[in-house]
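Here the structure comes first, spelled out in C-alpha cells, and everything after it is commentary.
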Amino acid sequence: MFFSHEPGLAFKEFGLAHNLLFVVTILGLILIYVFRQQLRNYKYEKQLRYGIAIFALIWEIGLYVFKYTAPVIDSWDKIFPFGSLCGITLYVGIVVFLTKSYRLYEIGYFWTFGAIASLMFPDIPFSFDRYRFYQFMIGHALFFYMFAYMMFVHNFIPTFKSYIKSFITLFIIAIISVVINVALDVNFLFLKEAEGTPFEMFEGGSQFVYILLVILTAALVMFAWLGIARGYKKLTNSKEYLEQ
C-alpha cells in the first residue's frame with residue numbers, strides 16, 4: 001500500500017503535510033548553519049560528506065526502481081536522469097560532496113532554485129501515505145541541503161562571475177534540450193510545455209516566447225540567488241573560498 005503507484009490521500013498544496021515539509025526543511029537549514037563550525041572541525045567530516053552523497057545517490061536510485069516497477073512504465077524521457085534541472089543539480093551536488101569542487105559548486109548553486117520551486121509546487125499526486133511523496137520531497141530537499149552545507153561549512157560563496165558561468169552553462173543546456181525536444185518530441189527542462197509547473201503562466205503564445213520567458217525567469221531567480229549568497233557573506237563576514 002505504502003509503495004503503491006496509485007494515489008491514496010489527495011495531495012493538498014499548502015495543506016498540513018505540505019506545510020510541515022516547509023517547517024522541517026527550514027529547521028534542517030537552521031541546524032546546518034548553527035552547527036557549521038562543529039561540522040567544519042569534525043574529525044570525520046569528509047566521511048560524513050561521502051556518506052550523505054552516497055545516501056543521496058541511493059535515494060535517487062529508489063526513484064528509478066519505483067518507476068520501473070509501475071504497472072505501466074513511463075516513456076524513457078520521463079525516467080532519463082538528466083531530463084530535468086533538479087536531476088542535473090542533484091548529481092552536481094553529489095559530485096561536489098565527493099570532490100569538494102568549488103568550480104562545480106559555483107555553477108550548480110544557482111540551479112538549486114529548482115528544489116525550492118519543486119517543494120512549493122510539486123508535480124506529483126501523492127501525499128504522505130505514499131512512498132513517492134517522501135522520495136520526491138526528501139530528494140529535492142537533499143540537494144538543496146548539500147549546497148547550503150558547502151556554503152555554511154566550507155565558505156563556498158559564489159560571486160557575480162559564478163552567476164555568469166552558471167547562467168551560460170544553463171543556457172547551453174537549455175539550447176541542447178530544445179533541440180532534443182524538437183527532434184525526439186520530449187519535454188526536457190519543461191521547455192516544450194509546463195506540465196503543471198508555474199511556467200504555465202507563459203503558455204498560450206508562441207513556443208519561442210514560452211522558451212524565452214522560461215529562460216529569462218531562470219536568469220532572474222538565479223540573480224536573486226546571487227543576492228542571497230552575497231548577503232550571507234556580508235552578514236557573516238565570511239571570506240571567499242578562494243581567498244582561504
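No value in this document is a laboratory result; all are computed from the given coordinates. Owing to the predicted nature of the structure, the values given are computational and were not obtained by experimental measurement. Methodologically, a virtual Cβ is constructed for each residue, glycine included, from the backbone with ideal geometry; neighbour enumeration extends over all protein chains shown.
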Name the lysines eligible as straight-distance cross-link partners of K233: C-alpha to C-alpha under 29 Å, and not fewer than 8 places from it in the same chain.
K43, K46, K100, K161, K165
Taking 0.36 nm per intervening residue step and subtracting the Cα-Cα distance, what contour gain separates R103 from F121 on full extension?
3.5 nm
Plugging the Cβ-Cβ distance of S206 and L20 into 1/(1 + (r/R0)^6) at R0 = 41 Å yields, to the nearest 0.05, a FRET efficiency of 0.50
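Run lengths n ≥ 4 of DSSP H only: what is the helix-derived mean residue ellipticity at 222 nm for the chain, with -39500 (n - 2.57) per run over all residues, to the nearest 500?
When only DSSP H runs of four or more count, the value is -22000 deg cm²/dmol.
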When the chain is treated as a Gaussian network with springs between alpha carbons less than 10 Å apart, the largest mean-square fluctuation among F35, F121, F97 is found at F35
What is the stretch 92-171 by shape, rounded, prolate or oblate, if you read a ≥ b ≥ c off the alpha carbon gyration tensor as root eigenvalues and call it rounded for a/c under 1.5, prolate for a/b larger than b/c, and oblate otherwise?
prolate
Evaluate the relative contact order of the stretch 16-243 (contact order divided by residue number), counting alpha-carbon pairs under 8 angstrom at least 6 apart; express in whole percent.
23 percent
Can you work out ³J(HN,Hα) from phi for every residue in the stretch 71-77, in order, using Karplus 6.51 cos²θ - 1.76 cosθ + 1.60 and θ = phi - 60°, giving whole Hz and x for Gly and Pro?
x, 10, 7, 4, 5, 4, 5
What whole-number distance in Å separates the alpha-carbon centres of the stretch 20-84 and the stretch 166-209?
25 Å
